[in-house]
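A short worksheet on the structure shown next.
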Amino acid sequence: MDTAYLIETIIKVVVILLIFSALAGIGTYFERKVLAFMQRRLGPMYVGPYGLLQVAADGIKLFTKEDIIPTNVVRPIFKIAPVITAATAFMAAAAIPFFPQFTLFGYTVHPIVADVNIGILYILGVMAIGLYGPLLGGMASANKFSLLSAARTAAVFISYEVVSGLAILAPIMMVGSLSLIDFNNYQAGGIANWIVWSQPVAFVLFWIAAFAETGRTPFHLIANDHEIIDGFGTEYSGMRWGLFFIGEYANMFFISFVIPLIFLGGYGDGSLLGALGLIAKVAFFFFFFLWTRAAWPDVRPDQLMWLCWKVLMPLAVINVVITGLVMMF
Amino acid sequence: MFEAIAFYLFAFLTIVMFFITVTTSQALYALSALAAGMIFISAFFFILGADFLGAVQIIVYTGAVMALYAFGMMFFDSTREVKEKQGNKYIIVGLSTLAAILVVVIFSAPMVSDKIVALYPAIDGVGNTQEVGLVLFTKYLVPFEVAAIMLLVAMVAGIVLAGKKMDLSITLMSDSEIEEQKNKKVLS
């Protein structure tokens, strides 16, 4: 392990961390604007041109607010819970190839922190740990609404993971590898080679599971404002509360990278056009998260479990079996 | 050097986490430390180059410990300390020390006598996942299938035990029907 490799890795980690923490902040701005336009409002308008500096204002507010830790909470767990959500979201990014490799001043850069050959398993596993944040925060808070939210987190966790795992199995069988770079190279031939054409069911199932994984609106039951105040976030204040949101938005961005990489050709043949295409796809999937939030009502916890276990899981299993049969004959 | 640093770091963290799990009297500490310890163990797989097993360790144990949390939530007030019944401390300490020494001896004996040989050495140029698959579906096919059947039996048993009112789905009912059910329960 030479020094150049070490320095390169550290630089990559820092760049990803900075870009995506900033994007998480800007993501909240996008969300408020998109929701506002869909509801015929203006959204944030006062801070800066078109309210663009609202992100900075919110950041200053969150950073300088007093960090209140209520009396009856379990202190160490309460303190570490938001860190788990934010940290695991960024840890998952280690195995995502954000761009095709490019040459900078005669030095070839691979924009992936660690090209482990089990990339997709690692990403799904580490993202799943992220749900420990809401769970621990909710259980440590000594608040009934937070506890309800923790129980719902456990319910969400055991429901969606089976669906996302089984849905991803069929494309993995076709590609024969777990590395996202291999996924991308498999589809490098152009639009006709995209896995979505041969695996439409897996694509839709994984997309639905992504909503449950990030806790976005149809499955936003972990922190439903109108039912359980802010769920796990009820007792939090200041930057600890903000960390939950950085984690959530970073997760949304990373899953928006993973879906196109697996099903929609990723960055294609690795040209500049392909890289821009990936950005466009990521933007679409991120926008879709916000769109559903404006357009869909929330489901109840029992409806989520019913949907995952009785509808989506059988569909995923049938999809895997059919894929296996087609590949065998 | 990095491997050594990573190994000692994660060895220390794992031992501390499991120590907390065993010694604390608070359910929430114990469960969180258990989850953390299980996840830190995956680091050893990554250090040894067994990426697939490392990722599986993370996925399996986050799920398993999450189920434990659900039970902990149901049975304890997780923010309070649990009053434990203290038995004879000397017997507990003695037996657990003996068990720990036995485990260490069992696993280190082949290493000390240098009799440890890889029955299925890693093949060059074959991915991690493929290697696990090769061994699992040739040498260890029977244990693998037996484990699958045992899990199936456990699943069926779980459904039978828990499925008293399986024909009744709240999700598929309308609101008025749910109210009806509620009133019936209140009256009876």
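Each value in this text was obtained by applying a stated rule to the coordinates, not by laboratory testing. Please read these numbers as outputs of a predicted model, since none were measured by experiment. All Cβ positions, glycine included, derive from the backbone under ideal geometry; neighbour counts span all protein chains shown.
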For A:M91, B:M155, ascending order of other Cβ atoms within 10 Å (fewest first) is B:M155, A:M91
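May I ask you to list, by number, the DSSP H helices of chain B whose Cα span along the axis is at least 27 Å and whose average Kyte-Doolittle hydropathy reaches 1.0 or more? Walk me through the numbers before you get to the answer.
On the way: long enough: B:2-23 (31 Å, 2.12); B:27-47 (31 Å, 2.17); B:51-75 (36 Å, 1.56); B:89-112 (34 Å, 2.12); B:141-162 (31 Å, 2.51).
Passing helices, by number: B:2-23, B:27-47, B:51-75, B:89-112, B:141-162.
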For chain A the mean separation of alpha carbon contacts under 8 Å (6+ apart) over residue count, i.e. relative contact order in percent, is 24
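Please state the charge dipole magnitude for the stretch B:140-188, taken about the Cα centre, from unit charges on C-beta atoms (+1 on K and R, -1 on D and E), reported in debye and rounded to the nearest 20. Walk me through the numbers on the way to the answer.
Values: 5 positive and 6 negative charges, 47 e Å.
Using Cβ point charges on Lys, Arg, Asp and Glu, the stretch B:140-188 gives about 220 debye.
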From the cross-link list A:K33/A:K61; B:K83/B:K165; A:K144/B:K184, the entries with a Cα-Cα span beyond 24 Å are B:K83/B:K165; A:K144/B:K184
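Take peptide B:26-32, look around each residue's Cβ out to 10 angstrom, count Cβ atoms belonging to other protein chains, and average those counts. All intermediate terms of the calculation are to be shown ahead of the outcome.
Values: counts 2, 2, 7, 4, 0, 4, 11.
Per-residue shielding by partner chains comes out at 4.
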Expressed as a percent, the portion of alpha-carbon pairs in chain B spaced more than 20 Å apart is 76
The local net charge around A:G266, scoring Lys/Arg +1 and Asp/Glu -1 for residues other than A:G266 whose Cβ lies under 13 Å from its Cβ, equals -1
Rounded to a whole number, the mean other protein chain Cβ count within 10 angstrom for residues of A:178-185 is 1
The farthest towards the positive end of the charge dipole of chain A, of the residues A:F244, A:Y5, A:I322, given +1 on Cβ of Lys and Arg and -1 on Cβ of Asp and Glu, is A:F244
The size of the Cβ-based charge dipole (Lys, Arg +1; Asp, Glu -1) of chain A about the Cα centre, to the nearest 20 debye, is 640
Rounded to one decimal in Å, the inverse mean reciprocal Cα-Cα distance for chain A, i.e. its Kirkwood radius, is 20.8
Per the charge dipole of chain A (beta-carbon charges, Lys/Arg positive, Asp/Glu negative, Cα centre), the residue among A:W296, A:I168, A:G268 reaching farthest to the positive end is A:W296
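Per-residue Cβ counts within 10 Å, from other chains only, averaged over A:151-164: what number is that? Intermediate values should be presented prior to the final figure.
On the way: counts 4, 0, 3, 7, 1, 0, 6, 4, 0, 0, 4, 1, 0, 0.
What the average comes to for A:151-164 is 2.
Based solely on its DSSP helices, what 222 nm [θ] is calculated for the protein assembly as shown when runs of n ≥ 4 H residues each add -39,500 (n - 2.57) and the sum is averaged over all residues, nearest 500 deg cm²/dmol?
Working: 21 runs with 356 residues, N = 517.
After summing the helix terms and dividing by residue count, I get -23000 deg cm²/dmol.
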Given A:45-53, A:297-305, the highest-first ranking by average Cβ count within 10 Å works out to A:297-305, A:45-53
